[in-house]
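**Student:** Before I ask anything, let me first share the structure, which is written out below as structure tokens.
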Amino acid sequence: MVAAYYPSGNKWLNIPIGFLPSQVSVPAASSKGLMCFIATQYTDGYSVLLVCNPLTRCWKALPPMTTRRYPFVVALVTDRKLSAYKVIVAGDYNSFDNRRTTEVYDSVTSTWKQSGPLPREEEITKNIVACNGYLFCLSRGPGNGLLAYSLQQEIWIKVRTGRMPGYSKFRHLVECNGRIIIVGKALRRQVLGLYIWHLDPPTMKWKELAKMPQPLSEQFFRTQSECFFCSALGDQIFISRFFCDIGLLYNISHDTWQWIPDCPKIANPFILTLEPGFDAVY
């Protein structure tokens, strides 16, 4: 079962996924009305990916990747105009040149192919977002910055930005209406708080967009776990905790924060966005 928060109704909905094979373990990515799951030991003991539409209950097991692997980073990109989607997998080392490889599955051809490897010595995080024809993710390599993958050219590039805001271990990347945003912790005047920054295209610098009010921050981080997770859709950012059953919703347009109803599903969260629709799986 997958739990989905419905902002307009301020309530949680249960999305049954019992129609999927029992080997399915964890959700890996989502885009529009589609979700991608990792299936363990589905064929020959190796991991494969499944794409499904929880609304129509249709699903498809993707063919084996060109390299046997357990996916580290998975991204799903849906094109509703073309009724097509792509799955991008990155992060594993290539045994030939010791570089992290990337593979792309295209639903139009129903095949996987190798594409450009990650820049050398760059270690990406699992937090990856799609925006304006690119996939963006944070790196933990020497540059400790921002990487982008061109969906058209199928290559990785380093994005030159101003100094990355917040602490590297406590920052997350989201996309809001075409804007790249970082949600992270920062220390100001000896007080640790949660901040939101957006990447300003003209200057390519990170500019502060909002700060979680201190009373909310103290309540939100009252438990021992320092980690938090977040996702975004439209102009709303959903923020939750690890080993915690509370969450907050920040609305960029209205600059408002609100608590959301408790849900046991987010006690150990893996947060994705979903826009229910009749997106085809083939």
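**Student:** For residues that are surrounded by 13 or more Cβ atoms within 10 Å (Cβ to Cβ) and modelled with pLDDT under 80, scanning just the range 88-100, find the one that is nearest to the chain's Cα centre (by Cα).
**Tutor:** So the residue we want is Gly91.
**Student:** Which of the residues that make up the range 152-182 are under 24 Å from Gln214 (Cβ atoms), in contact with an Asp or Glu (Cβ under 9 Å, 6 or more places away or on another chain) and either among the small types (Gly, Ala, Ser) or assigned to a strand (DSSP E or B) (or both)?
**Tutor:** Listed by number, the residues that qualify are Cys176, Ile181.
**Student:** Which residues, counting only those in the range 250-271, are closer than 30 Å to Lys81 by Cβ, touching a strand residue (DSSP E or B) at 6+ places or on another chain (Cβ under 7 Å) and modelled with pLDDT of 85 or more?
**Tutor:** Passing the criteria: Asn251, Ile252.
**Student:** Determine, yes or no, whether Glu208 is closer than 24 Å to Val77 by Cβ and either touching a strand residue (DSSP E or B) at 6+ places or on another chain (Cβ under 9 Å) or open to solvent by less than 50 Å² (accessible area, probe 1.4 Å) (or both).
**Tutor:** No.
**Student:** Taking the conditions exactly as written (closer than 30 Å to Pro261 by Cβ and either at pLDDT 85 or above or not in a loop (DSSP other than H, G, I, E, B) (or both)), does Met65 satisfy them or not?
**Tutor:** no
**Student:** Further, regarding this structure: Could you list, in sequence order, the residues of the range 1-22 that are assigned to a strand (DSSP E or B) and open to solvent by 70 Å² or more (accessible area, probe 1.4 Å)?
**Tutor:** Of everything in the range 1-22, those that are assigned to a strand (DSSP E or B) and open to solvent by 70 Å² or more (accessible area, probe 1.4 Å) turn out to be Tyr6, Lys11, Leu13, Asn14.
**Student:** So which residues in the range 183-198 are of a type outside the set (S, T, N, Q) and either surrounded by fewer than 21 Cβ atoms within 10 Å (Cβ to Cβ) or in contact with a helix residue (DSSP H, G or I) (Cβ under 6 Å, 6 or more places away or on another chain) (or both), if there are any at all?
**Tutor:** Gly184, Lys185, Ala186, Leu187, Arg188, Arg189, Val191, Leu192, Gly193, Leu194, Tyr195, His198
**Student:** Could you grab me the full set of residues in the range 128-170 that are among the aliphatic types (A, V, I, L, M), open to solvent by 30 Å² or more (accessible area, probe 1.4 Å) and under 14 Å from the mean Cα position of the chain (by Cα)?
**Tutor:** Ile128, Ala130
**Student:** Out of curiosity, is Ile239 under 27 Å from Cys52 (Cα atoms), at pLDDT below 85 and of a type in the set (Val, Ile, Thr)?
**Tutor:** Answer is no for this residue.
**Student:** Out of curiosity, is Lys32 without any contact (Cβ under 8 Å) to a residue 12 or more places away in the chain and within 23 Å of Phe136 (Cβ to Cβ)?
**Tutor:** no
**Student:** Another one. Just checking, how many residues over the range 166-194 are under 24 Å from Tyr134 (Cβ atoms) and either among the charged types (D, E, K, R) or at pLDDT 90 or above (or both)?
**Tutor:** 14
The values are calculated or read from the model by the stated rules, or taken from the named source; none is laboratory data. No experiment lies behind these values; they were computed from the predicted model shown. Positions of Cβ are backbone-derived with ideal geometry, glycine not excepted, and every protein chain shown enters the neighbour counts. Side chains are part of the model used for accessible areas, which takes the heavy atoms of the whole protein and leaves out ligands, DNA and RNA. Shrake-Rupley method; radii C 1.70, N 1.55, O 1.52, S 1.80 Å.
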